[in-house]
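Input: a single structure, listed below in structure tokens.
The values are calculated or read from the model by the stated rules, or taken from the named source; none is laboratory data. Fair warning: this is a prediction, and the values are worked out from it, not measured in the lab. Cβ placement follows ideal geometry from the backbone for every residue including glycine, while neighbour counts extend to all protein chains displayed. These area figures cover heavy atoms from the full protein model, side chains too; ligands, DNA and RNA do not enter into them. Shrake-Rupley method; radii C 1.70, N 1.55, O 1.52, S 1.80 Å.
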Amino acid sequence: MSDAEDFPPVNPAQDGEPIIRPQPAAAAGWSAVRSSLSYTWSQAGVGRGRALLRLNQTDGFDCPGCAWPDPQRRAVTEFCENGARAMADEATQRRVGPSFFATYSLDELLQRSDQWLNAQGRLTHPMYRAPGTNHYQPISWDKAFETIATTLNGLESPHQAVFYTSGRTSNEAAFLYQAFVRMFGTNNLPDCSNLCHESSGYGLSESIGIGKGTVSLEDFSKASVIVVIGQNPGTNHPRMLSALQEAKLGGAKIISINPLEEVGLTRFKHPQRLIDMVGRGTALADLHLPVRVGGDYALLCAIQKSLLEREAKAPATVLSEDFIEHRTQGFEEFKAFLATLDMDRLLADAGVSASDIEMASELLARSSGTIVCWAMGITQHHNGVANVQAIVNLLLMGGHFGRPGAGACPVRGHSNVQGDRTVGIWEKLPPWGDVLGRKLQFSPPQETGFDVVGAIEAMQAGRTGVLVAMGGNFLSASPDTERVAAGLRQQRLTVYVSTKLNRSHLVPGAAGLILPCLGRSDQDVQPGGKQFVTVENSMGIVSRSQGSLPPPSDQLLSEPRIVARMAEATLKDSTVDWTDLADDYDRIRDLISSVVPGFEDYNQQVRGSHGFSLPNPVHAGQFPLPGGRARFHVHELPDLQLARGRFWLTTLRSHDQFNTTIYTANDRYRGVYGHRWVVLMSEEDMVSLDLEPLAKVEIVSHYHGVQRRLSGFSAVPYGIPRGNVACYFPEANPLIPWDSFAVGSRTPTSKRVEVSIRGTSIGS
Ligand code: SF4
């Protein structure tokens, strides 16, 4: 077994240091307009850049960025800065073809930054890396599919193959993919949801009976209090700021809970509101609670205790007694549990003051409709599921489900991550699995397959031989980069279906394939004519997406076509006419209609101007749980104690990246420019370690007696609670242990890992 130590780091620290400038007073505004236009101009040019006008339009294509919903009434420019960049990144005029791979060896490419790799352009030809070679070579599509089929069918068991999915994959491609994989004989279907909102799906399913959010975009303008916890919408879901601004101007109060006071929740200048662009914009958060890393559960319990105390002083003024009595279960146990908690311990763990808690509970106690929004800051913890269920407890106390302006809002970070799960991308056989089996005449595998953590473990242990990845950047998105790389190298074959070059391609198995596919903005023409695909946003709305740009190469295939050809080549005895399905996606949708609940008359429904909403019983006030009652849950407080000289590390995204795609090395909203190998620390902690600003440091993570070391970071003084430090991912991912994950959901704990830091600069 090859070991991580046998190889140089797969993502070496880049030389140099950051330039630190003041943070802007407001998010978006002119700088967002400038950055959108300059990136679009530099990548796509004017010609292909015009596709921006079709981005998120009802007859256009869905943004390949996050999963924030589109409003009923679309603006002419219905996108944010990061949406523009995601589109321009895909519409780039630059190309990566055979000559590129002839020029650059894998070893040379590994020395390059993620930003440089991404900037090389769109992949144009299927490429193959033969065993023992250091360059990818061109390969024909026929030969590529033959290689995949031979290797898959050469495995001793179908469970030795792993089929990963990134959230960009459309419903049509994802449904076809899961059908192919299950017909091949396994449920090894890990996906990027395992890395992000799995704790949300798991926690919500247990508490309210559905693993999705329960609000619509329209609910935001009806809410009286909106809590944004463990989320940085200014960077990761920027159009959400428009909804927050509208709510705020309508009288709503906003509470921000995050270790960092992010500009995006402080003030917003809507680029399409002249008054904002000439003025100071709209202040958003009324209250910011700088919770310590890992302190969310304690903070939510402190607020709930305060609400109960208010209720005790003024009965029936805070709690929704009728709702609690008739619609929930477990309230008395929950109340008794809170009574056992010491408020001082809660405040210490949360890192906030009693008056902060009082201000928050004051706002919540008077709320006629509360929405709580969250993202990775809640889910990527050992107690990620407990955090989600504490949020639900807070909402249940006030009866904030099943009415306008109220509910749970986990905001998905990838355009179709929710849709992929809905159409079967899951390591478990969906409830409709046997319907699928009858429809396609096969016996679906019943045993649970690998999620991402399971796949990483099995790859390292040599229990798998093939990885097929639909989109994404498995290596960089995963924790424990070097160990994942060691596992990937052990594969007989790695196959990446991709639009652009990324670091995963550079760590192939013995043999490697890169299969270039059409992007969301590309025109997709099949024998059945021009095709559209469909996606599901964070609020359960399924809509069309139809690209309009000429594809960057005539060698590209669509994702559904690639899956169909893989299945045809691999499943020799299959009765399914895969080619026919890929010839016209209406046929795939008809198949989905006949198998997946909620997609009845799919082709007709989705041709409506705004798509259609999937059934969401909780939005209608019903809890699909035994007795029709939602459930309060209680969990032990996490132990946040640290040994002397240790810190809790949290990883985060800069403003100029989308997941593992790095647009530039700048992070404008945090005032960090030109370099990504930085660790944000409080000034007091830097003084305690005798570190000068920008001093070079080594960071060591400590987990179950195992240390993971990474050097080359510049220490940057920043507004973050003492004892907490922050780094960007994927640079810091080698420090995140693969076997450190959330209880229940197995989401990697990228938001809290114990580390120590030491200066490496001369004299430090
Ligand atoms: S908010 Fe998200 S989906 Fe909307 S344009 Fe921006 S990145 Fe795209």
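Annotation: amide H of residue 496 within the under-5 Å range of 469, 513, 514, 515, sequence separation 5 or more or interchain, hydrogens built in the peptide plane.
Phi-derived couplings, Karplus 6.51 cos²θ - 1.76 cosθ + 1.60 at θ = phi - 60°, listed residue by residue for segment 263-268: 4, x, 9, 8, 8, 9 Hz, with x used for Gly and Pro.
Phi angles of segment 255-260 translate, via the Karplus equation with coefficients 6.51, -1.76, 1.60 and θ = phi - 60°, into HN-Hα couplings of 10, 9, 10, 6, x, 10 Hz per residue; Gly and Pro are given as x. At a probe radius of 1.4 angstrom, the accessible area of segment 642-759 per residue rounds to 32 square angstrom. Modelled this way, with points 7 Å down the Cα-to-C-beta line, the labels at residue 441 and residue 322 are 5.7 nm from one another.
Please work out whether segment 642-759 counts as rounded, prolate or oblate from its C-alpha gyration tensor, where a ≥ b ≥ c are the square roots of the eigenvalues and a/c under 1.5 means rounded, while otherwise a/b larger than b/c means prolate and anything else oblate? Oblate. With contacts taken as Cα pairs under 8 Å and at least 6 residues apart, segment 347-502 reaches a relative contact order of 15 percent. Bridges between two residues of segment 198-410, per DSSP, are antiparallel at a rate of about 10%. As a quick test, which of the pairs 212/253; 428/751; 143/572 have an alpha carbon distance above 18 angstrom in this structure? Too far apart for the 18 Å limit: 212/253; 428/751. Based on protein heavy atoms only, segment 503-553 ends up with 23 Å² per residue of surface accessible to a 1.4 Å probe.
Among the cysteines of the chain, those with no neighbouring cysteine Cβ under 4.7 Å are 63, 66, 80, 192, 196, 301, 517, 727.
By DSSP, what percent of the beta bridges with both residues in the chain are antiparallel, rounded to the nearest 5? Can you show the working numbers first?
Details: 41 of 93 bridges.
In the chain, DSSP labels about 45 percent of beta bridges as antiparallel.
What FRET efficiency comes out for residue 221 versus residue 637 if R0 is 51 angstrom and r is the Cβ-Cβ distance? Round to the nearest 0.05.
0.90
A straight chain from residue 448 to residue 555 at 0.36 nm per residue would run longer than the Cα-Cα distance by 34.9 nm. Split the accessible area of the chain by element, probe 1.4 Å, and carbon with sulfur accounts for 52%.
Please tell me the relative contact order of the chain in percent, rounded to the nearest whole number, where contacts are Cα pairs under 8 Å and at least six residues apart. Kindly include the intermediate steps, with their values, before the conclusion.
Values: 1757 pairs, mean separation 167.3, N = 764.
Once normalised by length, the contact order is 22 percent.
Between residue 320 and 398, 399, the built amide H atoms are under 5 Å apart, and every one of these is 5 or more places off in sequence or on another chain.
What number comes out for accessible area per residue over segment 198-410 if the probe is 1.4 Å? Units Å², please.
Numbers: 6710 Å² over 213 residues.
On a per-residue basis, 31 Å².
Using the Karplus relation 6.51 cos²θ - 1.76 cosθ + 1.60 with θ = phi - 60°, the per-residue 3J(HN,Hα) values for segment 618-634 come to 5, 4, 8, x, 10, 10, x, 10, x, x, x, 10, 5, 10, 6, 10, 10 Hz, with x marking Gly and Pro. Put simply, the amide H of residue 646, placed in the peptide plane, has no neighbours under 5 Å, leaving out anything fewer than 5 places away on its chain. Multiplying the residue separation of residue 704 and residue 42 by 0.36 nm and removing their Cα-Cα distance gives an extension gain of 233.6 nm. For segment 38-99, trypsin sites (Lys or Arg not before Pro) meeting the loop criterion (DSSP other than H, G, I, E, B) and having at most 12 other Cβ atoms within 10 Å: 73. Once C-alpha pairs closer than 8 Å and six or more residues apart are averaged by separation and normalised to the residue number of segment 642-759, the relative contact order reads 37 percent.
The three principal axes of the Cα atoms in the chain give end-to-end lengths of 74, 67, 54 Å, sorted in falling order.
Efficiency by 1/(1 + (r/R0)^6): what FRET value for residue 607 and residue 428, r their Cβ-Cβ distance, R0 = 35 Å, to the nearest 0.05?
Details: r = 32 Å, r/R0 = 0.91.
Taking R0 as 35 Å, the efficiency between residue 607 and residue 428 is 0.65.
Suppose only helical runs count, i.e. DSSP H with n ≥ 4. What mean residue ellipticity at 222 nm does that imply for the chain under -39500 (n - 2.57) per run, divided by all residues and rounded to the nearest 500 deg cm²/dmol? -9500 deg cm²/dmol, from helical runs alone. What is segment 181-324 by shape, rounded, prolate or oblate, if you read a ≥ b ≥ c off the alpha carbon gyration tensor as root eigenvalues and call it rounded for a/c under 1.5, prolate for a/b larger than b/c, and oblate otherwise? The shape class here is oblate.
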